Structure formats: structure tokens, C-alpha cells
Amino acid sequence: MKKFTVVFCCLAFVVLLMVGCGDKKEETVDIDITALKGPTAMGMVKMMEDSGAGTEETMVDGNSYHFTIAASVDEVTPKLVQGNTDIAAIPANLASVLYNNTDGQLKVLAINTLGVLYIVDMDGSIQSVNDLKGKTIYASGKGATPEYALSYILSANGIDMEKDVTVEWKSEHSECVAALGNAGNSASKGVVALLPQPFVTIAQTKNDKIRIALDLTDEWDKLQEEDNKGAMITGVIVARKEFVEKNPEAVERFLDLYKESVEYVVHSVPEAASLIEKYDIVPAAVAEKALPYCNIVFIEGKEMKEKLSGYLNILKEQNPKSIGGEVPADEFYYIR
């Protein structure tokens, strides 16, 4: 009888232990997320809303999310390097630079924005890239992606950026629009501008003569070959390598939620535009018109690696410094 009692007690203990393990809840992870004000932040607004961003309620799907919208990359870079943010939406080439400058302490999780650059004119004279020959192009972003993208597309179409066009580099997008308007009000012809969204839409609300002439993302895609499927990429989602390794399940849940948020933004434009205004990214009226041209996407895994590595290889050909010297190794890409 004593033997039976001992066996029964042992079995009961095992059952209780198993039940206890089954009821064990996953530990909540606090996740700090930073995004740049503009298209790279637009895709996450539904996730921000669902997580109660800006309120005391920040819990969703078992984790606690804290969002910051930054005005410039100068705010984001030190936060990533110093470990003060876990996940960030940043320019694609900056992700490469930070990976190289931190000895690989960064992972790219997904592409969140394809190209947002457009050539605009006021007289309908630009119908193809070849029409840019002999023109004056007002642009901002010298020494950054706009310059390298423009140079690549022009040279691939047989146009010498130094000899065949005149590029007037400005410090602000608004200066480009002002220069375009001044030229349009004078006898001067053949003046165009290189502008990103949503600034194209903002400019059009102030001057209805401004017309989208060329989508540089489309022009980039025309130049890709079978052995190089690189896309023009504006923004990516990155995370600190240490955070990814310590919190693999939290990263998985974040990506699932972020994908859902992007799908909402792309397919529910008026509602998404209201959220974009709510989180002080751009006014709703601008967002609603600009969103179809902002190329908000969610691309992960092998497709992300193919498109991003191809893009970075092209930037390296333009200027190695633009990606931190070298195209990152395979470890750069988070593939689940």
C-alpha cells in the first residue's frame, strides 16, 4: 500500500509540473522602435494605432511597443549604435553603412519602402529619360541616394551627368520647387526637378502646373538584368543584432504585425492617411494623394536579400562610401 501511495504521489507531481509548464506565459519584451518622418514611417501607423502609441496602453500581441518618429537620420543613428532603440526604419544605404561601421552589429529585417524619387516638369516636355539631355535639373540630396540614383539612370541611358545635363544641387526640396516655379514664370525653358514623395504631392498642392514626368523606380527596373534583380530601395527595417539574438520570438511577432500594418496602409488609403496625420508624419490630405506613389511595401527573406544586395552593388559602383565601403555579408540579412 505504501508503495502504491509513493507511486501515485510521484505521478501527481509530474502531472502538476506539466500543467504548470503549459500555463507558463512568455515574458513580455519592451521594444523601442524609431522611424524617420516620411514614407519609411507610414507603413507602421496601423501598428502604432493598435499598440496605443502616444497613450499608456502600449501592449499588443504579448509585447510592449514604444514608437518614436524622428525628423532626421542624425537622431536615429546614435540611438541604434548606442543601443537606445531596438528596431528602426532607416534609409537602405545607411543600414549598410552602419553594418560596416559596427562590425556587423545590425540586421536588416525587411524592405519597407521602394523608390520614391520622381522627375517633375511644368510643360510636359519630359516623356522619357532621353528628354533630360540638355535640361537643367534642380535636385537636393547631393552625396546621397538621389545623386547616385540619378547618375546611374542617366549613364545607363547614355547621358553624361557632367556634360549632357546641368544639375543644380539645392539644400532643401522647397528650394527645388521654388526654382522650378521661377523658371516656369520666365522665358526659360527646359527646367525640371528631382523630388521625393510626399514632397511631390505637397508641391502640387501649391502649384497645379507641376506634373510627374518620370518615375525613377520604373526607370531603374527597366535597367535590371537577369543576374541582378536589384530594386531601387528607399527604406528598410533594421534591428540591433544583439536584440534579435536575445528576442527571436519577439522579432517574429513584430514582423507579422508590421506586415499586417503595411497591408492595411496600402489597401485602406483614406483611413491610413488619417493615422499618418494623427502621428504627425504629413497631413491626411497630402498622405491620401501621395500614398499610391510612396511604394510602401513589406519584402522579407530571400527576395529582400536579392533586391537589396543588387541595389547596394549598384550604389557601390557609383560611390563605395555611400554603403560604407563594401556590400554587407550574408549575415546582414535576417531570413526566417
Q: Tabulate in residue order the Karplus-calculated ³J(HN,Hα) for the stretch 292-306, using 6.51 cos²θ - 1.76 cosθ + 1.60 with θ = phi - 60°, rounded to whole Hz; enter x for Gly and Pro.
A: x, 9, 8, 6, 6, 9, 9, 10, 10, x, 5, 5, 4, 4, 4
Q: Keeping the other protein chains in place, figure out the carbon and sulfur percent of the accessible area of the stretch 62-154, with a 1.4 Å probe.
A: 45
Q) With θ set to phi - 60° and the Karplus curve 6.51 cos²θ - 1.76 cosθ + 1.60, what are the ³J(HN,Hα) couplings of the stretch 142-155 in order, to the nearest whole Hz, using x for Gly and Pro? A) 5, x, 9, 3, x, 5, 5, 5, 5, 4, 4, 5, 5, 5
Q | Of the GluC sites (Glu not before Pro) in the stretch 31-124, those whose Cβ has at most 11 other Cβ within 10 Å and which sit in DSSP loop | A | Glu56, Glu57
Q. Rounded if a/c is under 1.5, else prolate if a/b is larger than b/c, else oblate: which is the stretch 213-334, with a ≥ b ≥ c the root eigenvalues of its Cα gyration tensor?
A. oblate
**Q.** Computed Kirkwood radius, in angstrom, where 1/r is averaged over Cα pairs of the chain
**A.** 21.7
Q.
Filter Lys241/Lys305; Lys37/Lys289; Lys46/Lys142; Lys229/Lys316; Lys135/Lys222; Lys79/Lys107 down to the pairs with a C-alpha to C-alpha distance above 25 Å, please.
A. Lys46/Lys142
Q: Could you rank the peptides 252-260, 39-47, 84-92, 163-171 by their average count of other C-beta atoms within 10 Å per residue, with the highest value first?
A: 39-47, 84-92, 252-260, 163-171
Q: Name the long-range amide H neighbours of Val167: under 5 Å, sequence gap of 5 or more, or other chain; modelled H, no Pro or chain starts.
A: Ile137
(Q) Once you keep just the Cα pairs under 8 angstrom separated by 6 or more residues, what percentage relative contact order results for the chain? (A) 28
(Q) Report the gain in length on full extension from Glu306 to Glu326: 0.36 nm times residue separation, minus Cα-Cα distance, nm rounded to one decimal. (A) 5.6 nm
**Q.** Karplus-derived HN-Hα couplings along the stretch 29-39 (A = 6.51, B = -1.76, C = 1.60, θ = phi - 60°), whole Hz, x at Gly and Pro
**A.** 10, 7, 10, 9, 10, 10, 9, 6, 5, x, x
Q) Once the stretch 146-272 is represented by equal point scatterers at the alpha-carbon sites, with solvent omitted, what log10 I(q)/I(0) does the Debye formula produce at q = 0.16 Å⁻¹? A) -1.04
Q) Leu106's amide H: which non-local residues (gap 5+, or another chain) put their own amide H closer than 5 Å, with H modeled 1.01 Å from N in plane and none for Pro or chain starts? A) Lys241
Q. Amide H to amide H, which residues 5 or more places from Ile31 or on other chains are under 5 Å from it, using H placed in the peptide plane?
A. Ser64, Tyr65, His66
(Q) Suppose all protein chains stay in the model; what accessible area per residue would a 1.4 Å probe give for the stretch 184-336, in Å²? (A) 48
Q.
No solvent, one uniform scatterer per C-alpha: report log10 I(q)/I(0) for the stretch 86-192 via the Debye equation at q = 0.09, 0.20 1/Å, two decimals.
A. -0.32, -1.06
Q | Helix-only CD estimate at 222 nm, as mean residue ellipticity for the chain, using -39500 (n - 2.57) per DSSP H run (n ≥ 4) | A | -13500 deg cm²/dmol
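The values are calculated or read from the model by the stated rules, or taken from the named source; none is laboratory data. In this text, all values refer to a predicted model and were calculated from it rather than measured experimentally. A quick note on method: Cβ atoms are made from the backbone with ideal geometry, for glycine too, and the neighbour counts reach across all protein chains shown. Accessible surface areas use protein heavy atoms only, side chains included; no ligands, DNA or RNA. Shrake-Rupley method; radii C 1.70, N 1.55, O 1.52, S 1.80 Å.
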